[in-house]
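Working notes, beginning with the structure itself.
The values are calculated or read from the model by the stated rules, or taken from the named source; none is laboratory data. On a predicted model such as this, the values are computed, not experimentally measured, just so you know. A quick note on method: Cβ atoms are made from the backbone with ideal geometry, for glycine too, and the neighbour counts reach across all protein chains shown.
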Amino acid sequence: MKIKKILSVAVLSAFVFIMPMPAQAADKCCGGHGGIVVCNKATNRLKCFDGTDSQTCACSGLIANAETTTKKAATTNKTNPPKVKNTQVKLEIENAIKDAQNKNLVLSKKLSKIKGTESENIKTIINDLENQIEILKNIKVPAESNTENINAIRKSINSVKTIVQKDFVEANKAIEQAYKNIAFKNSLKTANNDLNIKILNFSKRINDQKTKGYDTTAAQRILDDLNLQSDRIQKLETSTDLTASQATAKTIKAVINKDILAINKTFELHKKAKILEANNNQ
């Protein structure tokens with residue numbers, strides 16, 4: 001008999017660990033009987049620790065309410081997770097805005113050195129960067145929010161930062177290319193100015209040779225070709241394809257050098273003819 005009682009107590013003790021109940025329920029239903037252990041389905045009454053059924057509580061009563069309360073608390077925690085302060089997120093937005101503004105300032109200073117059509121593409125990129133700054137400023141951050149909302153805000157911040165960095169890189173590449181174009185076009189203008197001075201001097205010498213009775217047909221033909229090369233250089237100044245323009249400029253330079261050598265050779269021949277004529281007259 002004692003063995004059965006010991007086993008019953010052991011089984012009931014195990015049930016205590018399997019289904020613990022609130023202290024309030026234990027006092028109300030099994031006060032003086034060791035507390036609630038489990039529902040006795042055979043009697044539909046709560047079974048107490050000492051093995052007796054509760055005289056005041058049915059299974060469908062307090063136990064069901066206790067389970068419902070537990071589930072409701074879990075659901076509440078899931079749908080309404082704890083909120084945290086958004087101080088760090090606000091700081092991240094402020095830093096992102098400052099970084100974008102600094103990038104915009106750097107690009108604007110570089111752009112100020114570029115004029116005309118070279119600057120249009122760069123202005124478009126900078127305008128987009130400025131739009132991203134406004135997007136950052138318009139991100140609404142409440143004083144507190146849950147982790148899910150904070151992660152969504154951070155995702156928006158990082159998305160804008162990615163676009164800002166892309167705009168910054170693209171604008172710098174465009175600016176670098178514009179600087180190269182400007183330097184190249186300036187070199188073309190310098191080269192064409194030098195060529196026009198040579199053309200003017202050659203034209204004067206041809207007219208002088210002509211008045212002295214020399215045949216200047218070959219020299220004039222070369223001079224005409226130099227004028228043609230000057231026109232080609234002027235057209236390159238409006239080209240947008242730097243690589244192709246540089247290749248063409250290299251070809252033009254070679255032609256000009258060849259023409260200069262040829263026209264100087266005709267002048268040298270005239271000089272020799274003049275010396276020979278003077279010697280014959282003696």
Scan 242, 195, 261, 236 and give me the residue that is more than 21 Å from residue 182 (Cα to Cα) and hydrophobic (A, V, I, L, M, F, W, C).
261
Assess whether residue 126 counts as being more than 19 Å from residue 178 (Cβ to Cβ), touching a residue at least 24 places away in the same chain (Cβ under 8 Å) and of a type in the set (A, V, I, L, M).
no
Qualifying residue in region 115-132 (condition: assigned to a helix (DSSP H, G or I), over 27 Å from residue 240 (Cα atoms) and of a type in the set (Val, Ile, Thr))
no
When region 177-190 is checked residue by residue, the ones that are over 17 Å from residue 111 (Cβ atoms) and not hydroxyl-bearing (Ser, Thr, Tyr) are 184, 185, 186, 188, 189
Out of 173, 204, I need the residue that is outside any loop (DSSP other than H, G, I, E, B), exposed (fewer than 11 other Cβ atoms within 10 Å of the Cβ) and free of Cβ contacts under 8 Å to residues at least 24 places away in the same chain. Which one?
204
List the pairs whose first member sits in region 208-228 and is polar (S, T, N, Q), whose second member is crowded, with 18+ Cβ neighbours inside 10 Å and outside any helix (DSSP H, G or I), and whose Cβ atoms are under 9 Å apart, counting only residues at least 6 apart or on separate chains?
209/216
Of these, 197, 252, 182, which one is loosely packed, with under 12 Cβ neighbours inside 10 Å and not polar (S, T, N, Q)?
197
Of all residues making up region 88-131, the number that are modelled with pLDDT of 95 or more, basic (Lys, Arg) and under 16 Å from residue 173 (Cα atoms)
1
Listed by first then second residue, the pairs whose first member lies in region 258-269 and is over 20 Å from residue 212 (Cα atoms), whose partner is among the polar types (S, T, N, Q), with beta carbons under 9 Å and at least 6 positions apart or on separate chains, are 259/229
Screening 163, 150 for residues that are among the β-branched types (Val, Ile, Thr), part of a helix (DSSP H, G or I) and at pLDDT below 90 leaves only 150
Given the structure, is residue 238 outside the structural domain of residue 88 (by TED's automatic domain parsing), exposed (fewer than 12 other Cβ atoms within 10 Å of the Cβ) and over 27 Å from residue 114 (Cβ atoms)?
no
Filter result (over 23 Å from residue 269 (Cα atoms), among the hydroxyl-bearing types (Ser, Thr, Tyr) and in contact with a helix residue (DSSP H, G or I) (Cβ under 8 Å, 6 or more places away or on another chain)) within region 202-239:
230, 239
When residues of region 227-250 are limited to those that are of a type in the set (Val, Ile, Thr), in a helix (DSSP H, G or I) and farther than 11 Å from residue 192 by Cβ, the one modelled with the lowest pLDDT:
243
Residue 193 fails exactly one of (1) within 30 Å of residue 110 (Cα to Cα); (2) modelled with pLDDT under 95; (3) over 33 Å from the mean Cα position of the chain (by Cα), namely (2)
Is it the case that some residue within region 186-194 is of a type in the set (A, V, I, L, M, F, W, C), assigned by TED's automatic domain parsing to the domain that holds residue 260 and in a helix (DSSP H, G or I)?
yes
